[in-house]
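Asks: One structure coming up, written as structure tokens, with questions to follow.
The values are calculated or read from the model by the stated rules, or taken from the named source; none is laboratory data. Quick caveat, the model's predicted, so the values are computed rather than measured. Using ideal geometry, Cβ is built from the backbone for each residue, glycine included, and neighbour counts are taken over all protein chains shown.
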Amino acid sequence: MLLLLTVLLGLIAQLAHAGRRLPGRAVIMLTVLVMGMLVVGCGGGGSGPNSNHPPTTTGTPSGTFTVVITGTSANVNKTFNLQLTVN
């Protein structure tokens, strides 16, 4: 599909370089064709319930995590450990 789009754009560029204009109907047909290819090209790979891909989990998994906060000012370094629990 990308190859066809490239060929069409190359044809338009050649005609423009030669100083010829495309007829109005040809411009409309090319525009509709290009827009149709873009719509079809963007329509693949859904992630709905009928998809063959397993569902993905989002967010932070449950558990206890240690968050380390470090602050530095001049020659003083301070570190603070914080326990974060995710249910």
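Asks: Which numbered condition in (1) in a helix (DSSP H, G or I); (2) out of contact with any helix residue (DSSP H, G or I) (no Cβ under 8 Å at 6 or more places or on another chain); (3) modelled with pLDDT of 70 or more is the only one that residue 8 fails?
Replies: With respect to (1) in a helix (DSSP H, G or I); (2) out of contact with any helix residue (DSSP H, G or I) (no Cβ under 8 Å at 6 or more places or on another chain); (3) modelled with pLDDT of 70 or more, residue 8 is out only on (2).
Asks: What's the number of the condition residue 54 fails, among (1) over 30 Å from residue 87 (Cβ atoms); (2) at pLDDT below 70; (3) not charged (D, E, K, R)?
Replies: Unmet condition: (1).
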